[in-house]
Amino acid sequence: MIPNFEPRTVVSKLAGLLRPGDQLLFSANLAPGKDYAAGVRQILPQYDNEPTREWLLTFLQDLGVERGDGRLRFGVEDGAGSGGLKRVVANYVFSRGCRLAVGKSVFNFVKGDSIRLFFSYRLTPPGVCSLLGRHGLTVLESWIARSEEEGVFLAERNW
């Protein structure tokens with residue numbers, strides 16, 4: 001679930017758990033190809049499809065949102081403070097007013113409001129090495145899928 005957290009925050013927390021000599025097996029969603037932005041756009045259909053839409057909308061429907069209350073929009077955006085990393089996002093945009101109650105909290109949405117339901121950062125193998133390196137982790141070995149869309153990295157605490 002690493003791609004669903006802010007990269008610097010999650011890697012900092014993981015690195016803080018490791019002692020010198022400890023190793024970390026780290027899986028990352030990757031952007032395929034040599035053009036990073038094009039690679040992120042290329043994988044967008046993995047998310048923008050009917051099964052994923054149904055899965056994400058279940059959350060809102062369980063809270064009482066009706067299908068006609070808005071629509072789900074997928075896109076690619078720059079992550080805030082992520083050092084140029086891009087992420088796939090799914091936002092629900094309300095087409096009419098809607099009131100949601102979660103426990104004792106009430107949320108009122110008006111037409112045009114949106115709520116982010118999902119995001120997933122995409123990295124490159126060098127980007128993974130750089131990100132981990134900034135937190136005292138050295139990549140010892142990596143295994144990249146033929147599609148270049150997924151990778152597993154073995155890293156070690158180096159200080």
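Every read-out reported here was derived from the displayed coordinates using simple, explicitly stated rules and does not represent laboratory data. Predicted model, so just to flag it, every value in this text is computed and none were measured. Using ideal geometry, Cβ is built from the backbone for each residue, glycine included, and neighbour counts are taken over all protein chains shown.
Cα-based Rg of region 72-123 per 2.2 N^0.38 Å, rounded to two decimals?
1.39
Explain nothing, just the number: dipole magnitude of the chain about its Cα centre with +1 on each Lys and Arg Cβ and -1 on each Asp and Glu Cβ, in debye rounded to the nearest 20.
Roughly 460 debye, rounded to the nearest 20.
How about Lys34: which lysines have a C-alpha closer than 24 Å to its C-alpha, ignoring those fewer than 8 places off in the same chain?
The qualifying lysines are Lys86.
How long is region 35-121 along each principal axis, judged by its Cα atoms, biggest number first, in Å?
Principal extents (Cα only, largest first): 44, 29, 22 Å.
Can you give the relative contact order of region 35-121 as a percent, counting alpha carbon pairs under 8 Å and 6+ residues apart?
25
Run the dipole for region 35-121 about the Cα centre, Lys and Arg Cβ at +1, Asp and Glu Cβ at -1, nothing else charged, and hand back the magnitude in debye, nearest 20.
Charge dipole, region 35-121, about its Cα centre: 240 debye, nearest 20.
Where does each of 94-107, 129-142 land if you order them by average Cβ count within 10 Å, highest first?
129-142, 94-107
Let me test this: with uniform point scatterers at the alpha carbons of the chain, what is the Debye-based log₁₀ I(q)/I(0) at q = 0.17 1/Å?
Taking Cα atoms of the chain as identical point scatterers yields -0.99.
Of the options Ser114, Ala155, Pro126, report the single residue whose Cα projects farthest towards the positive end of the charge dipole of the chain (beta-carbon charges: Lys, Arg +1; Asp, Glu -1).
Ser114
With springs only between Cα atoms under 10 Å apart, run a GNM on the chain and tell me which of Arg41, Arg73, Arg19 wobbles the most.
Taking springs between Cα atoms under 10 Å, the residue moving most is Arg19.
Apply 1/(1 + (r/R0)^6) to the Cβ-Cβ distance of Phe107 and Arg8, taking R0 = 41 Å, and write down the FRET efficiency to the nearest 0.05.
Result of the calculation: an efficiency of 0.90.
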